[in-house]
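Structure first, then comments.
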């Protein structure tokens, strides 16, 4: 496969996953903001600024007559001046797809194009200031439709595996970053209010599309240690880091045409070591002080995987 095509497939998928994650994060923050009104003095400061911090973005410029929360929602969802907004990510994903139309199915292009035009609708965008829920839900459903069509209509060859690499590497990094950020925020919080803590950790699960799956497994209140364990090492949940890394390993070995134990390149070794660390994770790591170093190290290794992937397959 030409590196240009592999690059476009990888980034098409990665930007789409990024848009999906961001839309879900904004929607969850909007919902928790509503729940915390009347409970905390300044939920905007706590939740929306925390979201900007998680996304490594500075607070946006507030336009005349615009509420601070509406400014954040506009900046994260709609603003073309923000390269990390949902619309910017979708545009980049669509541009990559357009450049390799012959390497994706017509149905994939149709779903991606439909999503772009639905989210560009002025009436839908105008409603974001009042409530971003409809816009965020439209984004998430459009991404799910795209990946469903991809699964059903595209040959599961090298190109398909580059799509999986972009999707699951982005997802693993985002889950790790959410966990690391939330642990830091709660450790610094002076409030020991258990209901608020449960609400915030429930938001962590919802950010990772994991709330219902977690509740089916743990029929109890939301506990931080169990949340971290579920999102890190559950082998069957599609948004757990272990699941994502296992899919990355599978795609890498399919692309290289070699079995994992016979693949001697550094990228596969890096993925394999991190995956094994998760499979054989010591329970003590999840207790208090051990979490931050592990999450930081895992994030650094995911960044290393991305760098090696770009280097080996001439991705940009």
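The values are calculated or read from the model by the stated rules, or taken from the named source; none is laboratory data. Source: prediction; values computed, not measured. Note that we place each Cβ from the backbone using ideal geometry, even for glycine, and neighbour counts take in every protein chain shown.
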Quiz prompt | Answer from 294, 237 - the residue that is under 18 Å from the mean Cα position of the chain (by Cα), at pLDDT 90 or above and not assigned by TED's automatic domain parsing to the domain that holds residue 15 | solution = 237
Quiz item: Here are 290, 296: which of them is more than 20 Å from residue 14 (Cα to Cα) and touching a residue at least 60 places away in the same chain (Cβ under 8 Å)?
Solution: 296
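Within region 132-164, work out how many residues are surrounded by 14 or more Cβ atoms within 10 Å (Cβ to Cβ) and touching a helix residue (DSSP H, G or I) at 6+ places or on another chain (Cβ under 8 Å).
Our first condition is that a residue be surrounded by 14 or more Cβ atoms within 10 Å (Cβ to Cβ); within region 132-164, this holds for 132-136, 138-143, 145-147, 149-150, 154, 158-164.
Restricting the remaining residues to those that are touching a helix residue (DSSP H, G or I) at 6+ places or on another chain (Cβ under 8 Å) gives 132-136, 138-140, 142-143, 145-147, 149-150, 154, 158-164.
Total satisfying the criteria: 23.
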Quiz prompt | Members of region 56-81 that are within 22 Å of residue 175 (Cα to Cα) and surrounded by fewer than 19 Cβ atoms within 10 Å (Cβ to Cβ) | solution = 56, 57, 58
Practice problem: Would you mind finding the one in 124, 176, 154 that is closer than 25 Å to residue 33 by Cα and more than 18 Å from the chain's Cα centre (by Cα)? | Solution: 124
Quiz item: What number of residues within region 133-158 satisfy the criterion of being at pLDDT below 95 and assigned to a helix (DSSP H, G or I)?
Solution: 1
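Matching residues to (1) more than 16 Å from residue 279 (Cα to Cα); (2) touching a residue at least 60 places away in the same chain (Cβ under 8 Å):
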| position | (1), (2) |
| --- | --- |
| 218 | yes, no |
| 222 | yes, no |
| 230 | no, no |
| 233 | no, no |
| 245 | no, yes |
| 251 | yes, yes |
| 256 | yes, no |
Practice problem: Please verify whether region 55-67 includes one or more residues that are assigned by TED's automatic domain parsing to the domain that holds residue 138 and assigned to a helix (DSSP H, G or I). | Solution: no
Quiz item: When region 109-132 is examined, which residues are found to be in a helix (DSSP H, G or I) and in contact (Cβ under 8 Å) with a residue 60 or more places away in the chain?
Solution: 112
